[in-house]
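See below for the structure under consideration.
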Amino acid sequence: MKIAMVGSGYVGLVAGACFADSGNRVICVDNDEDKVRQLELGEVPIFEPGLKEIVERNTKAARLSFTTDLIEAVRQSRIVFLAVGTPPAADGSPDLSAILNVASGVGRAMDGYRIVVMKSTVPVGTHKRVSEAIAAETEHPFDYVSNPEFLKEGAAIEDFTRPDRVVIGATNPAVVEIMRELYGSFLRRDERIYVMDPASAEMTKYAANAMLATRISFMNEVANLCDKFGADVEAVRRGVGSDSRIGTAFLFPGVGYGGSCFPKDVNAFVSMGRDVGFPAKIATAVEEVNRLQRRIFAERIIAHFGEACRDTTLAVWGLAFKSWTDDVRESPAVSAIRMFLEKGMTVRAHDPEAMMTGAQELGDAVTMTSDHYEMLAGADALVIFTDWPKFRTPDFDVIGEKLKTKLVFDGRNLFDPRAMSRKGFTYHCIGRPPVTPA
Ligand SMILES: NC(=O)c1ccc[n+]([C@@H]2O[C@H](COP(=O)([O-])OP(=O)(O)OC[C@H]3O[C@@H](n4cnc5c(N)ncnc54)[C@H](O)[C@@H]3O)[C@@H](O)[C@H]2O)c1
């Protein structure tokens, strides 16, 4: 099939590359000239495991190409995917200006029938606005499909090529068949394809993200109560997760959720409720708990050093909002580091993939270091924000030798407090009783 993928970011580039890899001809469009130039030179501007190889393979085979020219891309394609960003506006609702701009552009470029597929996460009802924006610019017929994306950064290729489900919001059965065919190479049996109306497809995406965010915030609340009662949230998490009605996923307490999706999508869910006069009370609380959680961990560190903050150096592991990505959008690490800097603390940071994007956010106020052990020399504490494998199984002897004091603040509950105490560390984590060093 001939596909135009408009927006070549985390979603568009992954989707475009994977569709090309399954034999389609894909033109990725982006209005960021630098990004397109980089891609044309074979450089992949984001870190996503496995993506570079797929992009290289398909560019070489001439199945995947890149352009800033929307008109040409639409003219050469039968299916046009929209995967541009929908960042939050000041009131928490998603800013649809890029989507509506592109929709008008697609309408102007059309020289015949097209299938327009929405991959971006857009509020319920957007299918009408986008269809109107296209129709206002063209006499040619088109079908609209809402096809929300559920991939996770860091595992995007795996998620896209082995999806839990594919949601297709469309009304024309012939178009549903084309979408089935397109996803057929990723889903041997099609019982995991869910066909519904576009409004339900749009809602499915928000409901899924709001549910996942709810589990995280709920477990963070449980962890905070465990802290107050001296209970151990790890034991509680196992006890709760073993219930088959509940399951174990997304029950890990930590520094709060971040990234470009959960915060934005939960806020959008709240704003959709506001728009129709039905307050989304659970989602509102989920966001409130998350904002609090993002502060609690940083405040505990600041309180620990008190008056001595100005003379304190922190060594931070993890800058992105989670491991296996370079994405620092809404990263709890970045917001905590800003709080440390406000208190006059000195911060050194290391992230296996996010030091460039982290530096773009934080400027030169933070010293970025390529070696996660060297940076510990003379620091007053190690602070952990993400769970990269090398952070999970570090050399504690080296950590202990390099740090000024054997003090670790762990926002991901990576280690056993008793084992840490035996190694002589003062260890603070989330919702687990402290153990005095042996
Ligand atoms: N990142 C994720 O994990 C994820 C997962 C599922 C869904 N989504 C949703 O997918 C959408 C895209 O997210 P993303 O993370 O890929 O965003 P992104 O910011 O990484 O990529 C968006 C791309 O669109 C380009 N763009 C913006 N305006 C344009 C225009 N007028 N013409 C052409 N290109 C334009 C940008 O330059 C950028 O490269 C969002 O709605 C997001 O909520 C994201």
**OP:** Scan the strands (runs of 3 or more DSSP E) fully inside segment 97-189 and keep the ones with 1 or more residues being within 16 Å of Leu70 (Cβ to Cβ).
**Re:** 114-118, 142-146
Original post:
Which residue pairs have Cβ atoms closer than 6 Å, lie 6 or more positions apart in sequence or on different chains, and pair a first residue in segment 404-433 that is part of a helix (DSSP H, G or I) with a second residue that is surrounded by fewer than 18 Cβ atoms within 10 Å (Cβ to Cβ)?
Top reply: Pro417/Val435; Arg418/Val435; Ser421/Val435; Ser421/Pro437; Ser421/Ala438; Arg422/Ala438
Subject >> Hits in segment 1-30 - residues which are more than 13 Å from the ligand (Cβ to nearest atom) and among the aromatic types (Phe, Trp, Tyr) >> reply: Phe19
Original post:
Does segment 353-360 contain any residue that is at pLDDT 95 or above, in contact with a strand residue (DSSP E or B) (Cβ under 8 Å, 6 or more places away or on another chain) and surrounded by 19 or more Cβ atoms within 10 Å (Cβ to Cβ)?
Top reply: yes
**OP:** Sort through Ala285, Ala249, Ala268 and tell me the only one that's closer than 17 Å to Arg215 by Cβ and part of a helix (DSSP H, G or I).
**Re:** Ala285
Subject >> Number of positions in segment 312-365 that are among the small types (Gly, Ala, Ser), on the phi > 0 side of the Ramachandran plot and within 14 Å of the ligand (Cβ to nearest atom) >> reply: 0
**OP:** Looking only at segment 48-61, decide whether some residue is over 25 Å from Val116 (Cβ atoms), acidic (Asp, Glu) and away from the ligand (no atom under 16 Å from the Cβ).
**Re:** yes
Original post:
For segment 18-51, how many residues are hydrophobic (A, V, I, L, M, F, W, C) and either over 21 Å from Ile99 (Cα atoms) or in contact (Cβ under 8 Å) with a residue 60 or more places away in the chain (or both)?
Top reply: 9
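The values are calculated or read from the model by the stated rules, or taken from the named source; none is laboratory data. Keep in mind that what you see is a predicted model, and the values were worked out from it rather than measured. Please note: Cβ atoms are built from the backbone with ideal geometry, for glycine as well, and neighbour counts cover all protein chains shown.
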